[in-house]
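Remarks on the structure that follows.
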Amino acid sequence: MELVGSPEAARNASRIQRKFREAGLPVIHVQHIALSPSATFFLPDTYGAEINETVYPLGDEPVVVKHFPNAFRETKLQGILTQHAVTELTVVGMMTHMCIDTTVRAAHDAGLDVTLVGDACATKDLAFDGAMADAASVQIAYLAAIDGSFATVISTSAMVGE
């Protein structure tokens, strides 16, 4: 599942991750593993399901394995956030139009104050009913829909203070 701009988004996510580690803030990784027999990506024990080496977990950083777009659904994520007394959540990752959107909305519904780092996320071209939306348009549409209603959307530079 190749996404447009994913290397750049991963590098930005790494910058956010480094800032959180330096500040002693919890870093939680989410890994999607598909369990459906009809799945064509995120298959167990495949390269595409591995956490990108740019943002690989260090030490005892928790890895939440999920099987649905929503990282809260049937996972230990809420428990980890509660354990660390997290009330403000910063989200980065892949795919803006699916997992990021769904997880941000669920986090908001759970009462968390959510910041989404828009340029530390990536998406892909989408088609519907014969019409195409390029990845840049998909990204803008999803970030615009999320910003102000479910999260505050900012840039990596704003998050790291540059």
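What follows is calculated from the coordinates using simple rules that are stated; it is not laboratory data. All values reported here derive from a predicted model rather than from experimental measurement. Note that we place each Cβ from the backbone using ideal geometry, even for glycine, and neighbour counts take in every protein chain shown.
Taken one residue at a time, the phi angles of the range 72-80 give Karplus couplings (6.51, -1.76, 1.60, θ = phi - 60°) of 8, 6, 6, 10, 9, 4, 4, x, 5 Hz. Gly and Pro are set to x.
For the listed peptides 99-106, 149-156, a ranking on the average number of other beta carbons within 10 Å per residue, highest first, reads 99-106, 149-156. Among 47, 142, 56, the ranking by other beta carbons within 10 Å of each residue's beta carbon, starting with the fewest, stands as 47, 56, 142. Summing +1 for each Lys or Arg and -1 for each Asp or Glu among the other residues whose beta-carbon sits under 15 angstrom from that of residue 155 gives -1.
If the chain between residue 51 and residue 36 were fully stretched, how many nm would it gain, using 0.36 nm times the residue separation less the Cα-Cα distance?
Difference between extended and current length: 3.4 nm.
Under the simplified labelling scheme, the residue 154-residue 2 pair shows an inter-label distance of 3.4 nm, with each label point 7 Å from Cα along Cα→Cβ. Projecting the Cα atoms of 78, 115, 161 onto the charge dipole of the chain, computed from C-beta unit charges around the Cα centre, puts 78 farthest toward the positive end.
Among 20, 41, a tally of other beta-carbon atoms within 10 Å of each Cβ gives an order, fewest to most, of 41, 20. Pairs of Cα atoms nearer than 8 Å and 6+ residues apart set the relative contact order; for the chain it is 25 percent.
Considering helices alone, the calculated mean residue ellipticity of the chain at 222 nm is -9000 deg cm²/dmol, with DSSP H runs of length four and up weighted by -39500 (n - 2.57) and normalised per residue. Of the options [x] 12.3; [y] 8.5; [z] 10.0, only one is mean projected area of the Cα convex hull in nm² as computed from these coordinates, and that is [z].
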